[in-house]
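Visitor: After the structure tokens below, expect a handful of questions from me.
Just so it is clear, none of the values below were taken in a lab; they were calculated from the coordinates. Just so you know, these numbers come straight off a predicted model, no measurement behind them. As a convention, Cβ positions derive from the backbone with ideal geometry for all residues, glycine included, and neighbour counts pool all protein chains shown.
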Amino acid sequence: MRGRRRFPTAARTTARTAVASGAAALLCVGVLSGCTAGGSETEAARRTPTTAPTPSPTPTPTSLWDVSPGSLAAVGDSVTRAFDACAVLADCPEASWATGTDAAVNSLALRLLGPEKAATRSWNLARTGARMAELPEQMAGAAAEKPELVTVMMGANDACRPTPELMTPVADFRFSFETALARLRAGAPKAQVYVSSVPDLKHLWATGRLNPAGLQVWKLGICGSMLADAEDLGPAAERRRTAVRERVVAYNEVLEEVCAEDERCRYDGGAVFGFRFGDGQLSPWDWFHPSRDGQARLAELAYRRITKE
């Protein structure tokens, strides 16, 4: 065509190569992939792993709980003293779920320490009739023995008053329990604590009221707030019993909450409250306190919780 200048073939090839190289360079800058102006990967990109590194596992915290303590002190009330388990109106500490020596009960001390050490390395500081307000004093006595484990079963007598109005207020119950743990920590800071829930008193009423002999004994004044007029199934009596049960539930909530604040304390998770004591587990003299068999069941529940990894 006339009037148009034509470049030599070599010049045209050089121009096209320059344009392609420039476009490739701009593309590489846009994606920041480290490639060259010609579009290939850099050496650094080829060396980069295509999979993320495996994170190091997080170490599991070391538990402060020892499942095989070498000594034991028990604090609490008549249940830990095995009241009415062997004879009428009498303590029977040899049958205690916590520190007893009776092989038929197979107490917590026997299970953890064996017969020989149980006789010399366990102490029963509970008192029949005790309420939570007495626990700080008992805990101070336990701390003096420097035990590796302290068992606590307290609270039934705070609910078992002549009338519901005389039950220990929940705030007072909490204060006494917190004070008791503080007293223990002052004298035995590394002692472990097993805390039993308060039994379901309404279930004990429902079981014992079916026994005519039990009904007669209860008329002597055992746990009046729950057991008075045991045969009365009217609405007023039912409201009274429900109020007592609700107070027991509130006590157990306190035990669980306060225990959870101490790294060396274990609550039983409501195991004793939930245990369904039958005729065979209740004393034949009062149909209220645990019999030898009932004491054995308490020992088993405690042992399971204490030795759980």
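Visitor: With label points built 7 Å along Cα→Cβ from the Cα atoms of R185 and E257, find their separation and express it in nm.
Guide: Going from the R185 label point to the E257 one covers 1.7 nm.
Visitor: Let me ask something else about it. Using per-residue counts of other Cβ atoms within 10 Å, averaged over each peptide, order 67-73, 94-100 from highest down.
Guide: Details: 67-73: 18.9, 94-100: 27.6.
For the peptides 67-73, 94-100, the packing ranking is 94-100, 67-73.
Visitor: Sticking with the crude label model, points 7 Å out along Cα→Cβ, report the distance from A171 to K308 in nm, one decimal please.
Guide: Between A171 and K308, the simple spin-label model gives 3.3 nm.
Visitor: So, one more: What percent of all Cα-Cα pairs in the stretch 160-309 falls into each 5 Å bin, going from 0 up to the bin containing the maximum distance?
Guide: Spelled out bin by bin, the stretch 160-309 gives 2, 9, 17, 18, 19, 16, 11, 6, 3, 1, 0 percent.
Visitor: Which order, highest average first, do 208-219, 126-137 follow once you tally other Cβ atoms within 10 Å for each residue and take the mean per peptide?
Guide: On the way: 208-219: 15.9, 126-137: 20.3.
Packing proxy ranking, top to bottom: 126-137, 208-219.
Visitor: Reachable aspartates and glutamates from K308, Cα under 14 Å, same-chain residues fewer than 8 places away excluded?
Guide: Cα-Cα hits under 14 Å: D66, D268, E300.
Visitor: Just how large is the dipole of the stretch 198-309 about the Cα centre, in debye to the nearest 20, putting +1 at every Lys and Arg Cβ and -1 at every Asp and Glu Cβ? Mind showing how you got there, number by number?
Guide: Details: 16 positive and 18 negative charges, 56 e Å.
It comes to approximately 260 debye.
Visitor: Using the per-residue mean of other Cβ atoms lying within 10 Å as a proxy for protection, in what order, highest first, do the peptides 236-244, 275-283 fall?
Guide: Those peptides, ordered most packed to least, come out 275-283, 236-244.
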